[in-house]
């Protein structure tokens with residue numbers, strides 16, 4: 001455990017090296033958040049409730065989606081790809097640690113740094129320029145935290161699984177893009193899927209993507225009743241179990257493959 | 001005159017060779033081709049579907065109906081695809097700066113900016129182009145646009161200008177790496193902002209933002225003003241004039257980007273010591 005904590009610490013220090021990146025990211029994310037807010041304001045002009053949600057909740061949704069997106073940054077797929085391309089994966093695996101544990105620790109370290117470098121500034125800017133993102137019902141807080149934690153894990157496992165394709169395909173740039181687009185458009189991070197036609201949103205409800213962004217966010221803005229939220233959280237948990245199983249299986253396969261190549 | 005002509009021919013010759021090489025390199029990883037063939041069209045098909053769903057839920061977007069939005073979206077995606085083919089390297093300029101990759105370009109007797117973009121030409125951008133053209137044609141049909149030679153010429157002028165605007169912005173953002181010495185990849189963010197501002201009518205945003213997007217960061221000229229003019233949505237936009245303004249803005253942005261890049265290159269220190 002200590003070894004991994006050390007990696008977390010190193011990664012935090014690494015993330016603080018480049019100041020310009022920090023400011024650049026904040027500026028870019030602020031612009032995106034404000035354009036999204038204006039987008040929804042313009043759409044809701046003269047309309048009350050659309051898709052069971054009013055304009056005010058939608059603005060909270062936008063600010064919170066920006067905050068959540070910081071927690072959902074992963075680097076594991078790129079890390080696996082570069083270590084396979086450069087061949088360092090063989091020596092990495094000889095070290096007395098679990099290589100995926102290291103990747104996980106690096107991502108955690110990165111996110112911890114980003115909480116201060118990105119999340120807090122965005123929260124402050126968002127509160128000042130868009131809206132203070134107050135929770136609809138504070139009693140939902142435990143549920144929100146639980147679902148956000150699960151969405152973090154689901155997101156990381158998916159990234160790791162995509163990354164492991166690099167063991168056989170080597171170059172996975174395009175696949176990373178596929179995953180990125182699916183996540184961006186089908187997770188409700190930009191446009192919640194309750195605006196989609198019923199048939200489409202029903203199908204998307206079976207896929208893991210909506211449980212990454214939309215579920216925690218809709219709990220936060222208090223959309224739907226408790227029973228509905230709980231039944232969605234059950235599906236979320238099911239996906240977490242499925243992806244963990246897949247991950248463990250793929251990890252075994254990948255490790256064996258590298259060992260064979262190494263002789 | 002003769003010398004300049006010979007140089008131009010030389011550059012064209014190199015370009016042809018480089019495109020041939022680009023074709024060779026993309027078939028190196030077969031799974032990658034499949035990936036791009038799925039990923040890029042998927043992105044735009046889903047993006048377009050989302051516009052349809054939003055229009056279905058909200059009626060229309062700031063007075064623009066579905067057909068007009070399709071026209072706007074198509075034009076925006078086509079110029080995006082062209083900028084991806086020629087200028088996507090701007091997104092990764094930071095990595096070239098940090099890893100000293102410009103050394104190689106500086107030792108060759110061709111323009112650095114030319115080499116940087118054209119030796120890395122991105123054939124996969126074509127996969128963006130096809131969905132763009134399809135949506136654009138769909139938009140033309142929905143809006144009942146009469147496709148005559150004049151219209152085609154106007155669209156070509158607009159696309160040239162729009163591609164230059166996008167490319168110029170990528171170069172400007174990429175060139176900041178010379179000064180900050182860090183590899184920032186703003187590609188993802190840039191694209192998201194561009195998507196929001198070129199695929200939806202600019203008029204839906206507050207006036208202060210419209211001002212910025214028209215004069216300071218001229219993305220409004222990529223698709224919003226040209227489409228308003230071509231479809232006659234805004235009578236203030238002259239149909240004959242706006243395509244040329246887009247072209248002029250594109251050339252201007254590109255010139256500024258070129259100057260900024262050259263300034264940065266002077267500060268460039270190679271990877272050696």
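We did not get these values from a lab; they are worked out from the coordinates using the rules stated. Keep in mind that this is a model prediction, so the values were computed, not measured. All Cβ positions, glycine included, derive from the backbone under ideal geometry; neighbour counts span all protein chains shown.
Points worth noting:
- Acute angle (nearest 10 degrees) that the helix B:2-26 long axis makes with the longest principal axis of chain B, alpha-carbon atoms: 80 degrees
- Taking the C-alpha atoms only, the angle from helix B:66-87 to the longest principal axis of chain B is near 0 degrees.
- Degrees, to the nearest 10: A:76-86 long Cα axis against longest axis of chain A: 30 degrees
- Prolate/oblate/rounded label for the protein assembly as shown (Cα gyration tensor, a/c 1.5): oblate
- Estimated distance in nm for a label pair at residue B:21 and residue B:239, the labels positioned 7 Å out from Cα along Cα-to-Cβ: 4.7 nm
- Look at the Cα gyration tensor of the stretch A:141-185: its axes a ≥ b ≥ c give a/c of at least 1.5 with a/b at or below b/c, and that counts as oblate.
- Computed [θ] at 222 nm, deg cm²/dmol, the protein assembly as shown (DSSP H ≥ 4; -39,500 (n - 2.57); rounded to nearest 500): -24000 deg cm²/dmol
- When only alpha carbons are used to place a centre, the stretch A:190-263 and the stretch B:131-158 end up 40 Å from one another.
- Gap separating the Cα centres of the stretch B:210-254 and the stretch B:74-94, nearest whole Å: 19 Å
- Between residue B:126 and residue B:191, the C-beta separation translates, for a Förster distance of 25 Å, into a calculated FRET efficiency of about 0.90.
- The mean number of partner chain beta-carbon atoms within 10 angstrom of a residue's beta-carbon across peptide A:163-176 is 4.
- Along principal axes, Cα extents of chain B, largest first, whole Å: 62, 41, 41
- Working ranking of peptides A:209-221, B:248-260, A:5-17, A:99-111 by packing, defined as the average number of other Cβ atoms within 10 Å per residue, highest first, is A:209-221, A:99-111, B:248-260, A:5-17.
- Computed E for residue B:107/residue A:54 - FRET, C-beta separation, R0 56 angstrom, nearest 0.05: 0.35
- FRET efficiency, residue A:134 to residue B:262 (Cβ-Cβ, R0 30 Å, nearest 0.05): 0.05
- Quotient of Cα Rg and 2.2 N^0.38 Å for the stretch B:103-183, N being how many residues it contains: 1.54
- Per-residue mean of foreign Cβ neighbours for A:220-230 is 0 (Cβ atoms of other chains, 10 Å radius).
- Test item: B:46-57 mean partner chain Cβ contacts at 10 Å: 4
- Cα→Cβ-extended label distance, 7 Å offset, between residue B:10 and residue A:116, nm: 5.5 nm
- Centre separation in Å (Cα based) which lies between the stretch B:115-130 and the stretch A:90-160: 34 Å
- Pairwise alpha-carbon distances in chain A exceed 34 Å for 22% of all pairs.
- Rounded if a/c under 1.5, otherwise prolate or oblate - the stretch B:139-273, Cα gyration tensor axes: prolate
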